[in-house]
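The values are calculated or read from the model by the stated rules, or taken from the named source; none is laboratory data. Not measured: the values here are computed from a predicted model. Cβ placement follows ideal geometry from the backbone for every residue including glycine, while neighbour counts extend to all protein chains displayed.
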Amino acid sequence: MSDTLVEIKNLAKSYTRGDQDVPVLRDITLNIDRGDFISLMGPSGSGKSTLLNLIAGIDKPTGGMLRIDGEDISKLSEGELADWRASNIGFIFQFYNLMPVLTAYENVELPLLLTNLSRSERRERIEMTLNMVGLSDRMNHYPNELSGGQQQRVAIARAIVTDPTILVCDEPTGDLDKQSASDVLNMLKELNNTLGKTIIMVTHDAHAAEAAKRIVHLEKGELLDEGM
Amino acid sequence: MYYLKLIFKNVFRAKLRTALTVTGLVVAIVAFGLLQTVVDAWFAGANSASSARLVTRNAISLVFSMPTYYRERMRSIDGVKTVSYSQWFGGIYKEPSNFFPQFAVDHNNYFDLYPEFLIKPDELLAFKRDRQGAIVGRKLADQFGWKVGDVIPIRGTIFSGNWQFTIRAIFDGRDETTLTRQFFMHWDYINESVKKRFPRRGDQIGVFNILINDPSRAADISKAIDAEFRNSLAETLTETEKAFQLGFVAQSEAIVVAIRVVSFVVIFIIMAVVANTMAMTARERIAEYATLKVLGFSPGYVAALIFGEAMVLAFFGAGIGILLTFPMASGFANSPAGAAFASFAVSASTVWLQVACAVAVGVIAALVPGWRSARVKIVDGLRHVG
């Protein structure tokens, strides 16, 4: 029996430029199960990042239905969406998006500041998470003192420290060398396999996409087919 | 706590930019404080004036004098308690730049009108007994290193000749508002010399200083005094000591207004500089703010970060500026230029104005960048990466 986490039906997104509506996504229908690992692939401008942003609740659709864990997030206000993201979404960016003035420890602590955890509880979680990504010896290092692969692992730690329902990854290996990219993909697979995290990853890289259980192709804002 | 940590780390992120902005703020706050102190110094005489004292001068102009015998007729007017007189001496001590106010006064009772001048009784007596004696204020004595017994040579300008006075007393002020940069000598000593050289200028005085019984009757008593000398050769104009002092300030009102305007222009300029710094800062960090929003931080939190950073910059600059204003003002007061002011002290109101300016600079500088960063869409903000 499937346990659908993300329900997308006839989803549309368009931007207004001047007097014109520019459609970016058209009639997208897609279900993602809990514990799934899905790659969204497609050429530039195909709308894959836009779809990812909609699922992550950082953008709003202009049509259709987007329900996550039974909740229609397109109906949430900006403030409600921010709270929803804080407790449900872990975001991993292509360029890591770490705060350069904060140490690895402090960067991972950021999303926990929005929870009710005490300082000692936060410390326990951060140390455990940094240990999971193999950076317990780099806690007090600033991002510019870490390699790209290490920075992305800090970003992964920041994404999973709140134990979110979904991990959303936008080209997580796009800025990494082959070895680091492989490490990151293995880490994502492990998170999916051992912790059962639902992962949605946008990538250009077919090799990276193979790490997922499902591959979905998008072109010109439309869902083409599903691989694997 | 974390919010403050993030603000402080961000403030010192671009060290050179922060240092230059803070330096600009320090200069602006010091300049503002000094200019406000100049304005305060201008009004210092009026602010320390007593409401129980009247000043009578020639109705035509202060340049014209009045006969000293007017005093007897003034004494007879109802409400008048004591009448004394004083004359601007206007001499030069060594160099014209060593300016300080000098008055030839009635040694017998002038100081009875000014209880705020704290003079030792034996020193006052020594002054009264010595026709060439002088009483000087503490600040003036400190400025030139004078002590009791020193002979001070002064070259007369209004009363020509080389004069010598022996310091017989040094007075202190009752409080901070009391001016102690004056030099007083015997009017009789000056008058005798004048009468010998210019008989027609003898027994003429610049102003009468009058102590009244009831300050609430100052207007009536002033009218009565002026009525007493109506249609005489030297008609009088009597006013409260404060009004008399403000009359001097009014003569240079345009300068005071200009100084005030300049002091606020300085703040306006630094406000623009800090606003530009904050706008640049916010623009550079737009992706970071978008990331914070992705993590679930509210737009208000992002705006508060920018607001906090602007306030830290403003208070850091203002704090150093305010601390520096005091030694700078003191240095100016002891310089030849500062000698033109009887009192040059940074007032509490000036410090509060400096603090208010710092708050205004911080708030206004953060308004637009804070509002823009709070409103920027996450997807637009994230595009600034890479």
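Before moving on, here are some points about what is shown:
- Tally of residues being among the β-branched types (Val, Ile, Thr) and under 12 Å from B:Phe183 (Cβ atoms) across the stretch B:93-122: 1
- Here the condition is being over 29 Å from the mean Cα position of the chain (by Cα) and at pLDDT 90 or above; of B:Lys195, B:Lys223, it holds for B:Lys223 alone.
- Tabulated pairs, the stretch B:58-78, first without any contact (Cβ under 8 Å) to a residue 24 or more places away in the chain and in the same structural domain as B:Asp106 (by TED's automatic domain parsing), second surrounded by 17 or more Cβ atoms within 10 Å (Cβ to Cβ) and not basic (Lys, Arg), C-beta under 8 angstrom, 6+ apart or interchain: B:Arg75/B:Val83
- The stretch B:1-54, residues that are assigned to a loop (DSSP other than H, G, I, E, B) and in contact (Cβ under 8 Å) with a residue 12 or more places away in the chain: B:Ala14, B:Ser48, B:Ala49, B:Ser50, B:Ser51, B:Ala52
- Test result for A:Leu54, within 14 Å of chain B (Cβ to nearest Cβ), modelled with pLDDT under 95 and either outside any loop (DSSP other than H, G, I, E, B) or farther than 27 Å from B:Phe297 by Cα (or both): yes
- Out of B:Ser51, B:Ser86, sole residue that is farther than 23 Å from B:Ser232 by Cα, of a type in the set (S, T, N, Q) and within 28 Å of the chain's Cα centre (by Cα): B:Ser51
- Of all the listed residues (A:Pro111, A:Pro100), the sole one being within 22 Å of the chain's Cα centre (by Cα) and in a loop (DSSP other than H, G, I, E, B) is A:Pro100.
- The stretch B:309-350: number of residues that are outside any loop (DSSP other than H, G, I, E, B), farther than 30 Å from B:Met280 by Cα and β-branched (Val, Ile, Thr): 1
- Residue in the stretch B:307-320 that is surrounded by fewer than 24 Cβ atoms within 10 Å (Cβ to Cβ), more than 11 Å from chain A (Cβ to nearest Cβ) and farther than 18 Å from B:Leu25 by Cβ present: no
- Among the candidates A:Gly35, A:Gly47, A:Gly70, A:Gly64, residue that is more than 8 Å from chain B (Cβ to nearest Cβ) and buried (at least 22 other Cβ atoms within 10 Å of the Cβ): A:Gly47
- Hey, A:Glu124 away from chain B (no Cβ under 11 Å), out of contact with any Ser or Thr (no Cβ under 8 Å at 6 or more places or on another chain) and part of a helix (DSSP H, G or I) or not: yes
- Residues that are in contact with an Asp or Glu (Cβ under 7 Å, 6 or more places away or on another chain) and aromatic (Phe, Trp, Tyr) are absent from the stretch B:191-198.
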